[in-house]
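So the structure is just underneath, and the comments pick up after that.
Derivation of every value follows stated rules applied to the coordinates shown; laboratory data play no part. As the structure is a prediction and not an experimental result, all values here were calculated from the model. Every residue, glycine as well, gets a Cβ built from its backbone with ideal geometry; the counts of neighbours run over all protein chains shown.
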Amino acid sequence: MPFFFYAFAAIAVIGAICLICFRNPVNSAISMVASFLGLAALFIGLNAYFVGIIQILVYAGAIMVLFLFIIMLLDLKAVERRQRANPLFLLGGIVIPLIFIIQLCAILPQVPNQDSEPLALKEAAKDFYDKDRKPGEQSEIHQSLEKGSLPDVHLVGLTMFGHKGDNSTIKTPGYNFPLQIIGVLLLVATVGVVALSLKKRDSLPENSEH
Amino acid sequence: MASLQEYLFISGLLFAIGLAGVLVRRNIIVIFMCLELMLSSANLTLVAFSRFNTGTSGLPDYNGQVLVFFIITVAAAEVAVGLAIIVALYRARQTVNVEDLTSMKG
């Protein structure tokens, strides 16, 4: 198991280093996809299957395709003839992250250095047992936990939308209101993108039809 | 299974690499990609804490993973708006190099 952790952590870190080292933005975008795939594998290694798949679908899929689309739309080849950056920026870019890493190494020994406990799936299944239902009609969560598999998506959904009854050990404040705020944020972002991409009316030629 | 320390170190390393990219690179699109990397490394911290905080129930703490879900949503909205701003900028100035964008310099 630690072998997979080190392999995927290496993919994530090497992809990130390639992201800032390649001069061509297309190469940077591709190495960023590699970095995100390594990160998604780390999520899956942490039993967060839903978040791992979302990471691949949204980040490595949608967002990076958007980046590649914009890079190719703007046709950035001509910008690459630049000479080296200001050495002061280079120095700051190396020293400040280095200070951050040193601080991290100073604080990390206070974190317990032990492997995570294995998930107690069979024990957790008892908490999801509903006395009002027949044994064959228990919830999906109870059935999967009984079989020894983690119903990751169901538990995320339960945490997000809250639950009724007192037979559950998942403590959640309920995220219905934040979810609606996120929906409004996405709507505002969509409207904002459309407003930003519109050409101004007075920049059009005079003889264009209105 | 690796320890919490190692996960937090990888997360911090990715964050530092992203920070270095933001400071060193001059291409605004690559700077934006490095910002995404920093957001994503914060997600790794949240998921690691969620997995290692099993508590009494024996299951991971799913509140952390819900927060990751919200962060990914906000990042997607941010990318859409940011890339639209970059396209508008490129239309106005014909450049994506931050050293050429000095009109707000004091």
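Key figures for this structure:
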| quantity | calculated |
| --- | --- |
| Of B:CYS34, B:ASN97, B:ILE71, farthest towards positive along the dipole that unit charges on Lys, Arg, Asp, Glu beta carbons give chain B | B:ASN97 |
| Ratio Rg/Rh, restricted to chain A and using Cα atoms, in which Rh is the Kirkwood radius | 1.09 |
| Total charge dipole magnitude, the protein assembly as shown, about the Cα centre, Cβ charges on Lys, Arg, Asp, Glu only, Debye to nearest 20 | 900 |
| 10 Å Cβ shell holding at most 10 others, DSSP loop, GluC sites (Glu not before Pro): longest site-free stretch of chain A | A:1-205 |
| Cβ neighbours within 10 Å from other chains - mean over A:112-121 | 5 |
| Packing-based exposure ordering (other Cβ within 10 Å, fewest first) of A:ILE182, B:ILE29 | A:ILE182, B:ILE29 |
| Rg followed by Dmax, in Å, when the range B:4-97 is reduced to its Cα trace | 16.7, 58 |
